[in-house]
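J.: Mind looking over this structure? Questions follow.
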Amino acid sequence: TRTGGLLPVAVEAALAGGHPPAAEQLVADAEYGTRDRDAPAASAELALARGLLLRASEPALAAESFAEAQHRWHDIGRPYEAAKATERRGDALTRSSPEDAATHLADAACGFTELGATGDAARCQHRLRELGVETSRRPGRRGYGSKL
């Protein structure tokens with residue numbers, strides 16, 4: 001089955017629109033469509049979609065699904081998607097395990113930075129600061145501060 005990145009987006013849209021049964025049906029249909037198929041990207045998307053379904057009610061299980069997606073993306077050489085799954089894993093753990101959340105968010109930030117995805121890295125850094133974790137700034141030109 002070819003979802004081309006649409007399954008997680010469709011699940012998020014259904015959940016945001018207040019239609020959890022539709023999101024659950026999308027995941028069930030995708031599970032049926034990928035059963036007994038060698039479709040690594042579709043399997044990674046499915047793991048991500050499962051995590052999205054679980055994130056509000058069972059964040060620890062959602063984190064496990066995001067971890068599965070992260071590993072699947074990594075195994076097929078998709079580092080950006082792996083970093084996104086790592087970020088979602090961290091977000092899922094922010095309430096139950098802030099230390100683990102910080103570790104995953106920092107890993108995601110590093111992954112995004114290596115890829116040049118500065119906006120994504122900045123989002124992770126912001127989440128880390130919200131968790132009370134000091135983040136290092138990239139070395140660069142010194143600012144003037146309040147001396148202007």
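The values are calculated or read from the model by the stated rules, or taken from the named source; none is laboratory data. A quick note: this is a predicted structure, and the numbers were derived from the prediction, not measured. Reconstructed Cβ throughout: ideal geometry from the backbone, glycine too, with neighbour counts over all protein chains shown. The accessibility values were calculated without ligands, DNA or RNA, using every heavy atom of the protein model including side chains. Shrake-Rupley method; radii C 1.70, N 1.55, O 1.52, S 1.80 Å.
J.: Rounding to the nearest 10 and keeping the result within 0 to 90°, find how far the Cα-based axis of helix 98-115 lies from the longest principal axis of the chain.
T.: 80 degrees
J.: Ok, one more. How far is helix 40-54 tilted, in degrees, relative to the longest principal axis of the Cα atoms in the chain, given as a value from 0 to 90 rounded to the nearest 10?
T.: Value to nearest ten degrees: 80.
J.: While we're on this one: Starting from the coordinates of the alpha-carbon atoms of the range 35-74, obtain the Kirkwood hydrodynamic radius over all distinct pairs and give the value in Å to one decimal.
T.: 9.9 Å
J.: Can you give the alpha-carbon Rg of the range 1-116 over 2.2 N^0.38 Å, where N counts its residues?
T.: 1.03
J.: Please give the helix 6-16 orientation as an angle from the longest Cα principal axis of the chain, in degrees from 0 to 90, rounded to the nearest 10.
T.: In the chain, helix 6-16 runs at an angle near 80 degrees to the longest axis.
J.: Assigning unit charges at the beta carbon (Lys, Arg +1; Asp, Glu -1) and nothing else, what dipole magnitude in debye, to the nearest 20, does the range 1-58 show about its Cα centre?
T.: That gives the range 1-58 a dipole magnitude of about 80 debye.
J.: May I ask you to derive the relative contact order of the chain, considering only C-alpha pairs under 8 Å and at least 6 residues apart, and to give it as an integer percent?
T.: 14 percent
J.: Now a separate question. What FRET efficiency comes out for Arg35 versus His71 if R0 is 22 angstrom and r is the Cβ-Cβ distance? Round to the nearest 0.05.
T.: 0.65
J.: Can you work out the accessible area per residue across the range 28-74, with the rest of the protein chains kept in place, probe 1.4 Å, in square angstrom?
T.: So the range 28-74 comes to 53 Å² accessible per residue, rounded to a whole number.
J.: Using a simple charge model, +1 on the beta-carbon of Lys and Arg, -1 on the beta-carbon of Asp and Glu, nothing else, what dipole does the chain show about its Cα centre, in debye to the nearest 20?
T.: About 880 debye.
J.: Measure off 7 Å from each Cα along the Cα-to-Cβ vector at Arg95 and Ala122, then give the distance between these two points in nanometres to one decimal.
T.: If labels sit at Arg95 and Ala122, their model points lie 2.9 nm apart.
J.: 7 Å from Cα along Cα→Cβ at both Cys110 and Glu12: what's the point-to-point distance in nm?
T.: 2.4 nm
J.: Which FRET efficiency value, to the nearest 0.05, do you get for Ala28 and Val133 by plugging their Cβ-Cβ distance into 1/(1 + (r/R0)^6) with R0 = 35 Å?
T.: Computed FRET efficiency for Ala28 and Val133: 0.40.
J.: Then there's this: Return the carbon/sulfur percentage of the accessible area of the chain, one whole number, probe 1.4 Å, all protein chains in place.
T.: Solvent-exposed carbon and sulfur of the chain make up 51 percent of the total.
J.: To continue, here is another question. Determine ³J(HN,Hα), in whole Hz, for all residues of the range 87-96 in sequence, where each value follows from phi through the Karplus function 6.51 cos²θ - 1.76 cosθ + 1.60 and θ = phi - 60°; x replaces Gly and Pro.
T.: Those phi angles translate into 4, 5, 4, x, 4, 5, 9, 4, 8, 7 Hz.
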